[in-house]
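Since every read-out is calculated from the coordinates, none of them should be taken as a lab result. Source: prediction; values computed, not measured. FYI the Cβ positions are ideal-geometry reconstructions off the backbone, even for glycines, and counts take in every protein chain you see.
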């Protein structure tokens, strides 16, 4: 997470685990398999975390704010090049991410939009399927280093700004009031 895929070698992994490379190769055929195993484990944990957050949230806006806080903590420890390197050099791990994004993240966004409509916090005129897909692409957009060079833009700040823009676009007047209350509760640096 911290250094990305490319800069970490099998020697680094073996040294960190205090085992020989030979021992490491008894369990994993190559670095690609390690990264794929890591991706499966990481995204399974994220799936459980999102489910837990949704269950604890008071309402749809609270859920988004709690997830945003979680994302902020996660992304602050993540090398922005990680997903790019997975896509370019580790196709199986990238597919694990793509599957997670298309199923878990998509289902979560859809469920949150439906919940917000039921609670009167999101406009009932929105098209849930269109906005689910749009939100997925908005999340991915922040990882595009051509648009948002990591030296110039913080991944955490990008995701927070994009989330705020999205919620403001779907929220009712009541939803906006609730959003402002939660922003004060969870963050002090979000846009007003």
**Item:** Where labels lie 7 Å past Cα in the beta-carbon direction, separation of residue 1 and residue 118 in nm
**Value:** 3.1
**Asked** Counting other C-beta atoms within 10 Å, which of 163, 78 has the fewest, and how do the rest follow?
**Response** 78, 163
**Message:** Once each part is reduced to its C-alpha centroid, what is the distance from the range 149-183 to the range 83-143 in angstrom?
**Reply:** 15
**Request:** Quick one: compute the contact order of the chain, relative version, from alpha carbon pairs under 8 angstrom and 6+ residues apart, as a percent.
**Result:** 26
**Message:** Place a point 7 Å from the Cα of residue 88 along the Cα-to-Cβ direction; which residues of the range 1-38 have their backbone N under 17 Å from it?
**Reply:** 1-9, 32
**Prompt:** Fewest to most neighbouring Cβ within 10 Å: what's the order for 182, 3, 28?
**Reply:** 3, 28, 182
**Asked** Measuring from label point to label point, each 7 Å out along Cα→Cβ, what is the residue 48 to residue 151 span in nm?
**Response** 4.0
**Item:** Rounded to 10°, Cα long-axis angle of helix 173-186 versus longest principal axis of the chain
**Value:** 40
**Request:** Return 146, 66, 2, 135 ranked ascending by Cβ neighbour count within 10 Å, so the fewest neighbours appear first.
**Result:** 146, 2, 66, 135
**Residue among 19, 178, 61 with the largest mean-square fluctuation in a Gaussian network model of the chain, springs linking Cα atoms under 10 Å** = 19
**Prompt:** Label points 7 Å out from Cα along the Cβ direction at residue 40 and residue 165: separation in nm?
**Reply:** 3.7
**Asked** If you line up the Cα atoms of the range 43-186 on their principal axes, what length do they span on each, largest first, in Å?
**Response** 45, 30, 26
